[in-house]
Every structure is written in structure tokens, then in C-alpha cells.
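Participant: I am attaching a structure below and will ask some questions about it afterwards.
Taken together, the values in this text are just the output of simple stated rules run on the coordinates, not laboratory data. Remember, predicted model here, so these are calculated numbers, not experimental data. Cβ coordinates were reconstructed from backbone atoms using ideal geometry, including for glycine residues, and neighbour counts include every protein chain displayed.
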Amino acid sequence: MSDKIRIGLAGLGTVGATVAARLLQGAVPRAELVAVSARDAKKDRGVDLSTVDFVATPLDLASHDEVDVVVELIGGENGIALELVEAALEKGKPVVTANKAMLAKHAARLSDLSVGGDVPLAFEAAVAGGIPVIKTVREGLAGNDIHRLCGILNGTCNYILSQMAAAGLSFEEALKEAQEKGFAEADPSLDVSGMDAGQKLAILSALAFGVAPDMDNISVTGIEAITAADIAFAAEFDSVIRLVGLAERSGNGVYHSVEPVLVKKAHPLAQVVNELNAVSISAVPLGGVMLQGPGAGGGATASAVLADISDIASGFGRPLFDSTVAAMTESASSNAPAREFYIRLALADQPGSMAKATQILAENGVSIEEVVQRSSEAGDSHLPVVFITHQAESAALETALAALEQQSEICNAVLALPVFAEED
Ligand code: HSE
């Protein structure tokens, strides 16, 4: 038997083809690629696979006599990816995966399969692409008490928001570019809806706080409603818009959110552009650390997969989590912290509409810090208006927004974004 671990790789997309090429070049000395599966065996992927066994279906990798470790790069929360991972773990074969959707959805089952048999299930590539954040939380911060974790966890959204601001691209143009560059999911609605970032946050929170992954405990808002006007208004407030995931101890639980927020240009997260991701972690006794790097794309994700393969080859593999999901806390807090908000709306260009809007905010205890009103273009019946509020409770803000939306004769296109606090 070879002294190298023998890899069976399922999925030869952007990431899989890079992993295959690097393994064949000997990038991980203690691992060799012996078998692959992909939908189209004949497709030219720029890598010579003539020396490896091209199996008929992904499940063949789990039962393959010469495969010691299965690498799952098919994607999708259910279906063949899940079947393959379950089959491999059941046979005692370690698994490496980049599949955050599957991990977030089936954490309990996969954790049982992995912990029960003590079979490693490695997933560095599932969160923040090439940034070694899983290793950092598990190993680099062992012995710390993490109380807050936040960051930019979706390269596609960050690319879109960056390019809308820097190159004046429309949302659709920027999304198309992100897809062409291989950053987006097969279904890009998972990116722009914030779900992809939510799945990554759920996994990080399980590691950092021991909270069982549960997407129902994460308040998720995507970037679909952000307009070029919002990007321009944000710039007037010396800010940019970023999709930020946050997990923070709050009372007896952990508060989780993924949402677009205004970030001051001087804040480190504002410097994180295009497909870059960043994760900022606050912990005792460490203080704070921020990791930044490419969060999407073939090379970045392949880098994390190769690192996991190297760990397993060196005997460093670990189960999915250090305890079963059943043993984790389910306590998630729904209490959003009080924050300042950016409120954008279109107000009818007629006497009293501004007074009515500010009255509604006042009645709900939402205090205004700044107002910007644009003059109308010829023929416009409504004027764009933005309020920046003082700190407000989310519940008060939501009541005020609902009341504004009811004033449809004077006000429409209402959107509120939290302002990321300077000290965050
Ligand atoms: N589609 C993901 C992103 C990349 O845009 O961040 C893989 O997680």
C-alpha cells in the first residue's frame, strides 16, 4: 500500500479542477489523486486526468477500494453531495468538503457520523474561501472566550457592492462579472439573498460559541434592494455599503444577523473590496484579530481544500465539531442591539410630506441626526430623502417603517440599513 493518502475527488468545476491540477503536480506530498467523478468525463478542464480513474458516479468514490479520503466539491445542501459524504463517513473514510449549505442544513447528522466514528470531516473551504478562519477559531484561538465575530462572508455580494461604487456598474452588470469570474454559487440568488453568508455564519458560530447551526436563528437580509442611489448617498455620509455577518453574545444567547450596513470609509471593513472576505474576532484574553483574503473563486477555495487534505494526510484531521450538535446550545437571541440607521425613502413633493415623515419617526421614538433631500428632476412627483437616525431599537424602527409604508400617498420606496458602529 502507498504511504500517501489516496484521494477521490467529486466535482471538477472551477475549484475541483484547480484541486486536481495541484494534487497531480504533487502540491501535497503525502496525498495522491487516484479517482475523480464529474458529470462530463470528456470536457477539457485544462488538466490531464489520464492517470486517474474516472468513475461513473460520485458514490463510486465512497466504495472505491483505492480511495482513502473523499473530497466533495459538488455542492448543494441535499442530493448526491449529501449521499456521497454520508456514504464515505459511514465507511470510515475522511471527507473534505467546501459545501456550507450541506453543513448548515445537516450539521446534526453529519456531526454524529463524524464524531461517532471519529472520522474527520474537514471544511475549511466552506467559510470565507482561502482565509484560514476555521483553523484560526479552532486552533489559533483555543483557550479564548470569543464574544463577537463579524465580517464580510460573501465575495459575490462584496464584488457587486464594490463595483457599483467604484465603476458605476449596475447591480446586474456587477453580478454578471462576479459570475464570470467564478465567485458566485451555481444559483446566485443564494449569494445576493444573504443565504450563503448566513450558512457560513452558522458554521462559524457553531465553532466559536457552540450554538447548533440553525438558519432560522439568523436574521438574513440580502442586497437586492440596494440601488445606485443608496451607494451614492452612502458616499455622501463618507461610507460604503457592505453585507456584514455578525454573531455576538447577547444576554443568555448569541445574536446572529446578515445584512447590508453602512460602514464608514475609515473602518477596516470598508477597505475590503471585490471578492475579498474578512472576519473580525473579538475574544478574551486575545483582544481582537481581523483576517482578510480572497473569499471566493477557484484558487482561493482550492487553497483551503488542499490545506484540509494536507492536514488529513498528516494525521491532523478532526471531526465536524468537537461535540455532537445535540450537545450544543440552541439558545439564540433575537435581540438586535440598538443602532443608528440610514433610512431612504421617496417623499411626495408637496407641503407637509416631510413633516408627516418626521412626525412618524418622532412618534416611535426614532430621533433624526442628519437629513439629505435631493431636488426633483423635471416631472418627478417624489423627492429622494435620506435620514440618519440616532441610536434606535430595531422594534421601534420597524414600527416606524411600517407606519411610513402605510402613508403610500406621500411616501414610497422605504429602505432602512443599520449603520455599523465605529467601535465594531
Ligand atoms: N459564492 C461564494 C461567494 C463563494 O461569493 O462568497 C464560495 O463560498
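Participant: If a/c stays under 1.5 just call it rounded; otherwise compare a/b with b/c (prolate if a/b is bigger, oblate if not). Do that for region 143-290, with a ≥ b ≥ c from the square roots of the Cα gyration tensor eigenvalues.
Facilitator: prolate
Participant: Using Cβ counts within 10 Å as a stand-in for footprinting exposure, how do THR14, THR227 rank, fewest first?
Facilitator: THR227, THR14
Participant: With springs only between Cα atoms under 10 Å apart, run a GNM on the chain and tell me which of GLY299, GLY168, GLY287 wobbles the most.
Facilitator: Looking only at GLY299, GLY168, GLY287, the biggest GNM fluctuation is shown by GLY287.
Participant: Report for the chain the percent antiparallel among DSSP-assigned beta bridges with both residues inside it, nearest 5.
Facilitator: Bridges in the chain that DSSP calls antiparallel: roughly 70 percent.
Participant: How large is Rg over Rh for the chain, taking Rg from the Cα atoms and Rh as the Kirkwood inverse mean of 1/r across Cα pairs?
Facilitator: 1.03
Participant: Would you mind ranking LYS264, LYS93, LYS100 so that the residue whose beta carbon has the fewest other beta carbons within 10 Å leads the list?
Facilitator: Starting with the residue having the fewest Cβ neighbours, the order is LYS264, LYS93, LYS100.
Participant: Just rank TYR342, TYR255, TYR159, fewest to most, by other beta-carbon atoms within 10 angstrom.
Facilitator: Listed from fewest to most nearby Cβ atoms, that is TYR255, TYR342, TYR159.
Participant: Still on this structure, I have one more. Highest mean first, how do 386-392, 152-158, 70-76 rank when packing is the count of other Cβ atoms within 10 Å averaged over residues?
Facilitator: The packing order, highest mean first, is 152-158, 70-76, 386-392.
Participant: Also: In whole Å, what is the distance between the alpha-carbon centres of region 208-277 and region 39-79?
Facilitator: Measuring centre to centre over Cα atoms gives 36 Å.
Participant: Most mobile of PHE183, PHE237, PHE209 per a Gaussian network model of the chain (Cα springs, under 10 Å)?
Facilitator: Fluctuation is largest for PHE237.
Participant: Output the 0 to 90 degree angle, nearest 10, between the alpha-carbon long axis of helix 107-116 and the longest principal axis computed from the alpha carbons of the chain.
Facilitator: Helix 107-116 sits roughly 30 degrees off the main axis of the chain.
Participant: Below 14 angstrom from the Cβ of LEU89, what's the summed charge of the other residues (Lys, Arg +1; Asp, Glu -1)?
Facilitator: Here the charged neighbours net out to -3.
Participant: I've got another one for you. Let a ≥ b ≥ c be the square roots of the eigenvalues of the Cα gyration tensor of region 235-326; is it rounded (a/c under 1.5), or, if not, prolate (a/b larger than b/c) or oblate?
Facilitator: It is oblate, given that a/c is not under 1.5 and a/b is not larger than b/c.
Participant: To continue, here is another question. Could you give the size of the charge dipole of region 346-391 about its Cα centre, using +1 on the Cβ of each K and R and -1 on the Cβ of each D and E, expressed in debye and rounded to the nearest 20?
Facilitator: 80 debye
Participant: Which FRET efficiency value, to the nearest 0.05, do you get for SER408 and ALA166 by plugging their Cβ-Cβ distance into 1/(1 + (r/R0)^6) with R0 = 35 Å?
Facilitator: Computed FRET efficiency for SER408 and ALA166: 0.50.
Participant: While we're looking at this one, here's another question. Using only Cα atoms, locate the centre of region 303-351 and the centre of region 143-161, then give the distance between them in Å, rounded to an integer.
Facilitator: Each part's Cα centre sits 7 Å from the other's.
Participant: Where is the GNM fluctuation largest for the chain (alpha-carbon springs, 10 angstrom cutoff): VAL289, VAL19, VAL85?
Facilitator: The residue with the greatest mean-square fluctuation here is VAL289.
Participant: Checking the table LYS4/LYS105; LYS43/LYS135; LYS100/LYS264; LYS200/LYS265 against a 27 Å threshold on Cα-Cα, which pairs fail?
Facilitator: Check vs 27 Å cut-off fails for LYS4/LYS105; LYS43/LYS135; LYS100/LYS264.
Participant: Here's a follow-up. On C-alpha positions alone, give me the angle between the axis of helix 155-166 and the longest principal axis of the chain, in degrees, nearest 10.
Facilitator: Its long axis makes an angle of about 40 degrees.
Participant: Provide the gained length on full extension for the span SER334 to ALA421, in nm with one decimal, where the gain is 0.36 nm per separating residue minus the Cα-Cα distance.
Facilitator: Going from the current span to full extension adds 29.4 nm.
Participant: Using the beta-carbon distance between ALA232 and ASP3 and R0 = 51 Å, what value does 1/(1 + (r/R0)^6) give for FRET efficiency, to the nearest 0.05?
Facilitator: Given R0 = 51 Å and the Cβ-Cβ separation, E is 0.25.
Participant: Sticking with this one: Considering only ASN412, ALA302, ALA186, whose Cα is most displaced toward the positive end of the charge dipole of the chain, charges sitting on Cβ of Lys, Arg (+1) and Asp, Glu (-1)?
Facilitator: ALA302
Participant: Just name one of LEU73, ALA208, VAL47: the one whose Cα is farthest towards the positive end of the charge dipole of the chain (beta-carbon charges, Lys/Arg +1, Asp/Glu -1).
Facilitator: So the residue we want is VAL47.
Participant: Along the Cα→Cβ direction, 7 angstrom out, place labels at SER63 and SER381. What is the inter-label distance in nm?
Facilitator: It works out to 6.7 nm between the two label points.
Participant: I need the shape label for region 5-97. Rule: rounded when a/c is under 1.5, else prolate if a/b > b/c, else oblate, with a, b, c from the alpha carbon gyration tensor.
Facilitator: oblate
Participant: Would you work out the charge dipole size for region 341-418 about its Cα centre, treating the Cβ of every Lys and Arg as +1 and the Cβ of every Asp and Glu as -1, and quote it to the nearest 20 debye?
Facilitator: 60 debye
Participant: Further question: Dipole of the chain (Lys/Arg Cβ +1, Asp/Glu Cβ -1, origin at the Cα centre): which of HIS64, SER367, GLY130 lies farthest to the positive side?
Facilitator: Of the options given, the answer is HIS64.
Participant: Another question, if that's okay. Explain nothing, just the number: dipole magnitude of the chain about its Cα centre with +1 on each Lys and Arg Cβ and -1 on each Asp and Glu Cβ, in debye rounded to the nearest 20.
Facilitator: The calculated dipole for the chain is roughly 780 debye.
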